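To start, the structure under review is shown below, and the notes come after it.
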Amino acid sequence: MKKKRIWLMAILSVFLLIIGGCGQEKTSSKSNDAKDSAKTIRIGYQKFGTLNILKSKGELETRLKDAGYTADWTEFPAGPQLLEALNVGSIDIGHTGEAPPIFAQAADAPLVYVANQPASPAGEAIVVRKDSPIKSVKGLKGKKVGLNKGSNVHYLLVKALEEAGLTLNDIKPVYLPPADARAAFEGNQIDAWVIWDPFLSAAELELKTKTIQDGKGLVANREFFLATATFAENEEALNIIKEEVIKIDKWIEENPSDVAEFLSPEIGMSVEALEKTLKRKKYGLEEISDSVLDDQQKIADTFYNLKLIPSKINVLDASIKSNEGGNGK
C-alpha cells in the first residue's frame, strides 16, 4: 500500500511539472505577443493625402523594417472616423484636417498633435453656380448653403459670414457630406456649396463653378499628423515617419502630374482635378508651434460657441510639450 502511494505521488509530481511547463510556455508566448504588438505601428490614412502616397511607395515600411518595426495600414473615409479609431486604440497615428481633432479632443480622445503641413487657404472655398446671381458672401443671406457639418469648411463659412456682417442665423445651412452636397448643388437644391480640395478642384473644372470666397485671409486650412499620447513617446518611430513624410512631400511638390496620374484610378477623380489640387497645395512638414495651437484654439472656441462641441477645451492639453510635462489628458 505504501509503495502504491509513493508511485501515485511520483506520477502526480511529473504531471504538475508538465502543467507548470505549459504555463511557463504560455506566459512566454504572451510576452512575445506583447513585444510584437509594441513593434507594430498602426497607421490610419485617407484616400487623398500624403500618407496614402507614402504607403503606396513603400519606402516608409522599408525604413521601419530596418529599425525593427512593422507597419499596419488602415484606410478611413474621413478624419472623424480616423480619430475615433485613434480614440479607441485601434491605430497609433494618422492625419486629418483642422476640425476633426477639435471634436476628438472634446470627446476626451488621448490624441497629441505631432506635426502639421503648411497652411493651404486656397484649398477650400464657397462656390456658386456659374449663372448664379450671388456675387459675394453678403448675397448668401436667406440662401441654402451646403457644407459638411463640423469640418474645416464649417469654420470657413462662419468666418466669411462674420466678415460680411452676417451669422449662420442669416442663412439656411444644409449639412451634407461632399458627394451628397455635389448632387444637391447640381440639382439646384442648394444655392451655394462650401467645399475643400480635391472636391473643390473637381467642381471648378467639371461644373464651372464661381468662387465667391476662398480661405485666403480668413482661415489656415492645415493638415495635421496626430498620434496617441502613448505612441508620441516613441521618438525613434515618430522621427522615421516624419523624415519619410518630408521626402514624399518634396517628391509630390516636384512631380504633381505624375502623382495625379497615380492617384486618379485610386480615388476615382480626374487627373486634371487632382493636378490642380496638388499644384495649389503647400508642402513640407512643420513642428507644432504656439501660433498653430492658437489657431486651433480659435476654432475650438468658435465650435463651442456654436454648440458643436459640448464643452470648452484647451488645445494645449493635446500638445507634445503638455504631455511631456504630465499635464495632458
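Tabulated values for the structure
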read-out: Every pair of residues 6+ apart whose Cβ atoms lie under 7 Å, when the first sits in the range 110-123 and is in contact (Cβ under 8 Å) with a residue 40 or more places away in the chain and assigned to a helix (DSSP H, G or I) while the second is among the basic types (Lys, Arg) and open to solvent by 10 Å² or more (accessible area, probe 1.4 Å); value: PRO121/LYS216; ALA122/LYS216; ALA122/ARG280; GLY123/ARG280; GLY123/LYS281
read-out: Verdict on ALA192 being aliphatic (A, V, I, L, M), surrounded by 14 or more Cβ atoms within 10 Å (Cβ to Cβ), closer than 25 Å to THR50 by Cβ and in contact with a strand residue (DSSP E or B) (Cβ under 9 Å, 6 or more places away or on another chain); value: no
read-out: Conditions (1) within 15 Å of PHE225 (Cα to Cα); (2) outside any helix (DSSP H, G or I): number failed by ASP72; value: (1)
read-out: Test set (1) open to solvent by 40 Å² or more (accessible area, probe 1.4 Å); (2) on the phi < 0 side of the Ramachandran plot; (3) assigned to a loop (DSSP other than H, G, I, E, B) - LYS307 fails condition number; value: (2)
read-out: Scope the range 124-163; condition touching a strand residue (DSSP E or B) at 6+ places or on another chain (Cβ under 9 Å), open to solvent by 20 Å² or more (accessible area, probe 1.4 Å) and free of Cβ contacts under 8 Å to residues at least 60 places away in the same chain; matching residues; value: ASP131, GLY142, LYS143, LYS144, ASN148, GLU163
read-out: When residues of the range 57-74 are limited to those that are touching an Asp or Glu at 6+ places or on another chain (Cβ under 8 Å) and within 27 Å of LYS279 (Cβ to Cβ), the one modelled with the highest pLDDT; value: LEU60
read-out: Helices (runs of 4 or more DSSP H) completely within the range 142-249 that count 3 or more residues being under 19 Å from the mean Cα position of the chain (by Cα); value: 152-163
read-out: Flag if ILE299 is at pLDDT 90 or above, open to solvent by less than 30 Å² (accessible area, probe 1.4 Å) and not polar (S, T, N, Q); value: yes
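The values are calculated or read from the model by the stated rules, or taken from the named source; none is laboratory data. These figures come from a predicted structure and were not determined experimentally. Note: ideal-geometry Cβ built from the backbone for every residue, glycine included; neighbour counts use all protein chains shown. Ligands, DNA and RNA are excluded from the accessible area calculation, which covers all protein heavy atoms including side chains. Shrake-Rupley method; radii C 1.70, N 1.55, O 1.52, S 1.80 Å.
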